[in-house]
1. Determine which member of the set 187, 161 is under 23 Å from residue 32 (Cα atoms) and not acidic (Asp, Glu).
2. Just to be sure, is residue 175 closer than 28 Å to residue 1 by Cβ and surrounded by 18 or more Cβ atoms within 10 Å (Cβ to Cβ)?
3. Just to check your reading of the model, which residue among 169, 203 is small (Gly, Ala, Ser), at pLDDT below 85 and open to solvent by less than 50 Å² (accessible area, probe 1.4 Å)?
4. Of all residues in region 184-198, count the ones that are in a loop (DSSP other than H, G, I, E, B) and surrounded by 13 or more Cβ atoms within 10 Å (Cβ to Cβ).
5. Does any residue in region 143-157 that is more than 12 Å from residue 11 (Cβ to Cβ) and open to solvent by less than 100 Å² (accessible area, probe 1.4 Å) come within less than 9 Å, Cβ to Cβ, of a residue that is at pLDDT 95 or above and among the polar types (S, T, N, Q) six or more places away or on a different chain, and which pairs are these?
6. So, residue 171, is that one assigned to a helix (DSSP H, G or I) and not polar (S, T, N, Q) or not?
Amino acid sequence: MAVLTISRQFGAGGATLGKKLAELLGYIFVNDEIISKVAQKAKVSPDWVKSVEREAGGKLQKFIGAIVPRRLVDRILDDRQGYIDEEIYVDLLSEIINKIADEGNCVILGRGGQYILKDRKDTYHVLLIASEAYRVQFMEKQYNLSHNEAIRAIAAEDKRRTSLYRKIGRADYDRPEHYHLTLNMSRVNLDTATGIVQSLILGNSSLAKANP
């Protein structure tokens, strides 16, 4: 019942690798489903959750706080209209990712899973990095983007990622000591990376069974 989290620099191929590993291992691949679950719990639209993820500096929270008195926040989730801010978002994110991990046999892409699940047994954390040139080329090829579109997409997602980890209270998300494995996708092809991660999970699972 292993769990794999994949953290990545945008354009390093995290979704591609995650889907391939999930298929090979017979795991569930979890990506934007997390946003939908957070939105459902908070009774807001997925777009609102995405805006909370993107917003840097807490401006959205301050804006909403000026409209919705803070004293309502304790009961707002029971109201029909719903509400979400940074604090609620982080709480719900942690709750949902832990519930997904409880089921096991899943690949979780992004959303701070390496921190939320850092103390869980049978959980493996992988970081994918790559040069900017590789990331741009990957986005052009994989998603049929122009060169400028790829650059803009990477810049926007890098900003979203920075904002997300600021909300979680972490700024060290690319430091290798947080992960079982760090792969530079500029230097390792997808098939090789898949084999390495698969060996990490299956090898450790076999070792755990042999030494209960």
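1. 161
2. When the stated conditions are applied, residue 175 does not pass them.
3. That would be 203, the only listed residue that is small (Gly, Ala, Ser), at pLDDT below 85 and open to solvent by less than 50 Å² (accessible area, probe 1.4 Å).
4. Here the count works out to 3.
5. Note: no pairs meet the criteria.
6. Criteria not met by residue 171.
The values are calculated or read from the model by the stated rules, or taken from the named source; none is laboratory data. Since this is a predicted model, take the numbers as computed values, not measurements. Positions of Cβ are generated from backbone atoms using ideal geometry, with glycine treated the same way; all protein chains shown enter the neighbour counts. Side chains included, ligands, DNA and RNA excluded: accessible areas come from the protein's heavy atoms. Shrake-Rupley method; radii C 1.70, N 1.55, O 1.52, S 1.80 Å.
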